[in-house]
Amino acid sequence: MNALTDQDLGEPLTYKVDAFISPGYAAAEKEQLWPKVWQHAGRLEEIPEIGNFITYEIGDDSILIVRTAADAIKAYHNVCPHRGRRLVDTPCGANNACGRKIRFVCGFHGWTFDLEGRNVHVLDKQDWKGALDDPSRTALAEVKVDNWGGWIFINMDPGCVPLRAYLEPAASILDPFEFQKMRYKWRQWVIFDCNWKTALEAFMEPYHVAGTHSQLLEHGDYYAYSAPYGLHGVSGFDQRDPSLRMKQSSTITRAGKGADPRVSTYNLQNEIYTTVNNASTTETLVRAAKRLVDELPEGTPADAVIKHWLASARADDAARGVIWPTITPEQMAQAGLAWHVFPNMAILQGVTFALCYRARPYGDDPGKCIFESYAIERFPEGQEPKTEWVYAEATAEKWGAVLAQDFGNMGAVQKGMKSRGFRGTLPNPHQEQKITNFHRNLARYMGTGAPRKLD
Ligand code: FES
Ligand SMILES: [Fe+2]
């Protein structure tokens, strides 16, 4: 079924749209995908104190994640073992719950559980004639939980591979960025009239920049490579002319387009910062870029401009207590611009920041999803902003002009894929391998939908 090799992903391929529009496929995901994969369910910073909890909702399942000790968290199916009431359902954010408790009391008949998931109160337990004496019968059902990069991941499959093994090689390639030291800058969510994959894939390739964000072409080129890394995938900036490769950085921190890299670097940074909702760069980087014209002589070559810019931004951050991680140029190049972490997480990373996305089904309709995006950044200790999940309409005012442009495609792509005149997908063999790799991996779980070579 999945005969495609990594090399084959560089060939012209097509894949079916059932994964996006079929109610049967969406129903099958609830059995074959979501209960089997590690999923990003939150960040550790959301549950800093013992007793802090969040829930993560996926399909018909709700997972309760609790801090049980300074260095330990546990996860449970969020259901009371008595007669099945959802245990915790205080709303908070994108249809999840959060708060702090020392005991979880079921709202139906009052069965009570401690943070370790043990049942500590059953009313009239003697009526069961000893049948509830085995604590495992009345305890909450545990779910696998682990963390990487400050993210909490859960997996409902008791026999799953460890999180680290699941995330490799992405985890090792991205470890130098020390995401665990970043904190939320903002976090927002919205409902889209499209499949969760339609939404996520809009952030998996820069091939759409020319068509969707044409204003950005004034400041930079967005030709990109893409590559599979097992379950996951990466993209990075590239040159159409192979002889120019390596002259321009593959990462988000790069000189923009134009004769004077001192000016273009600032213009690109400023454009991104102001139109991508103060994300995918930082105020420090923008300010240091603004000074380039004063600090460097005219005619300074692009690589020297970038070097100076990053050094002065690093010094500015150090002065306010934000110490940059050490990332070698080789590590930076390998990490590229942005990652897809299978199945539903996207990360666009920089030295001190990341812009991230998550998409999930919303109800059973394959044409609806919950879409969440958030920026994380390194802050001086004690100066992290207090954030919470905010519902935000899909407007430029709430999300910035660039993300609003992306959002404008969501429902239209979903509709178009249903057209009887659509001959099938034609993903770009160089720039959209993250997408074809995604469908190759989905097919491994779903048993259907693998990309095939175009005839
Ligand atoms: S369903 Fe929870 S106590 Fe009855
Ligand atoms: Fe975009």
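Details
- Among (1) surrounded by fewer than 21 Cβ atoms within 10 Å (Cβ to Cβ); (2) within 30 Å of residue 365 (Cβ to Cβ); (3) in contact (Cβ under 8 Å) with a residue 24 or more places away in the chain, the one test that residue 90 misses: (3)
- In segment 210-223, residue farthest from residue 7 (Cα to Cα) [restricted to those that are in contact with an Asp or Glu (Cβ under 7 Å, 6 or more places away or on another chain) and within 12 Å of ligand 2 (Cβ to nearest atom)]: 216
- The criterion of being among the polar types (S, T, N, Q) and at pLDDT 90 or above holds for residue 212.
- Tally of residues being crowded, with 20+ Cβ neighbours inside 10 Å and away from ligand 1 (no atom under 15 Å from the Cβ) across segment 94-114: 3
- The residues listed here are 117, 150, 159, 130; of these, the one that is over 24 Å from residue 35 (Cα atoms) and either at pLDDT below 95 or among the small types (Gly, Ala, Ser) (or both) is 130.
- Yes/no for residue 424 being touching a strand residue (DSSP E or B) at 6+ places or on another chain (Cβ under 6 Å) and either surrounded by fewer than 20 Cβ atoms within 10 Å (Cβ to Cβ) or assigned to a helix (DSSP H, G or I) (or both): yes
- Conditions (1) in a helix (DSSP H, G or I); (2) under 30 Å from residue 9 (Cβ atoms); number of the one not met by residue 397: (2)
- Residue count for segment 428-449 under the criterion of being buried (at least 17 other Cβ atoms within 10 Å of the Cβ) and within 16 Å of ligand 2 (Cβ to nearest atom): the result is 4.
- Single residue of 222, 207 found to be under 30 Å from residue 11 (Cα atoms) and at pLDDT below 90: 222
- Only a single criterion out of (1) closer than 16 Å to residue 347 by Cα; (2) acidic (Asp, Glu); (3) more than 14 Å from the chain's Cα centre (by Cα); (4) within 16 Å of ligand 2 (Cβ to nearest atom) is not satisfied by residue 201, namely (3).
- So residue 174, is it assigned to a helix (DSSP H, G or I), in contact (Cβ under 8 Å) with a residue 40 or more places away in the chain, closer than 30 Å to residue 74 by Cα and of a type in the set (A, V, I, L, M): yes
- Elements of type strands (runs of 3 or more DSSP E) contained in segment 85-170, each with 2 or more residues being in contact with a helix residue (DSSP H, G or I) (Cβ under 7 Å, 6 or more places away or on another chain): 142-148, 151-155
- When residues of segment 123-147 are limited to those that are of a type in the set (A, V, I, L, M, F, W, C) and in contact (Cβ under 8 Å) with a residue 24 or more places away in the chain, the one farthest from ligand 1 (Cβ to nearest atom): 145
Here's the yes/no breakdown for (1) within 16 Å of ligand 2 (Cβ to nearest atom); (2) touching a Phe, Trp or Tyr at 6+ places or on another chain (Cβ under 9 Å); (3) within 19 Å of residue 43 (Cβ to Cβ):
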position	(1), (2), (3)
61	no, yes, no
65	no, yes, yes
75	no, yes, yes
81	no, yes, no
107	no, no, no
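- Within this structure, residue 412 fails the test of being out of contact with any strand residue (DSSP E or B) (no Cβ under 8 Å at 6 or more places or on another chain), surrounded by fewer than 22 Cβ atoms within 10 Å (Cβ to Cβ), of a type in the set (A, V, I, L, M) and in contact (Cβ under 8 Å) with a residue 40 or more places away in the chain.
- Unmet criterion (only one of (1) hydroxyl-bearing (Ser, Thr, Tyr); (2) without any contact (Cβ under 8 Å) to a residue 24 or more places away in the chain; (3) in contact with a Gly (Cβ under 8 Å, 6 or more places away or on another chain)) for residue 76: (2)
- Note on segment 400-421: among residues that are part of a helix (DSSP H, G or I) and away from ligand 2 (no atom under 16 Å from the Cβ), the one that is nearest to residue 48 (Cα to Cα) is 414.
- Failed condition for residue 81, given (1) within 27 Å of residue 389 (Cα to Cα); (2) touching a residue at least 24 places away in the same chain (Cβ under 8 Å): (1)
The values are calculated or read from the model by the stated rules, or taken from the named source; none is laboratory data. Nothing here was measured: the structure is a model prediction, and the numbers come from that model. Please note: Cβ atoms are built from the backbone with ideal geometry, for glycine as well, and neighbour counts cover all protein chains shown.
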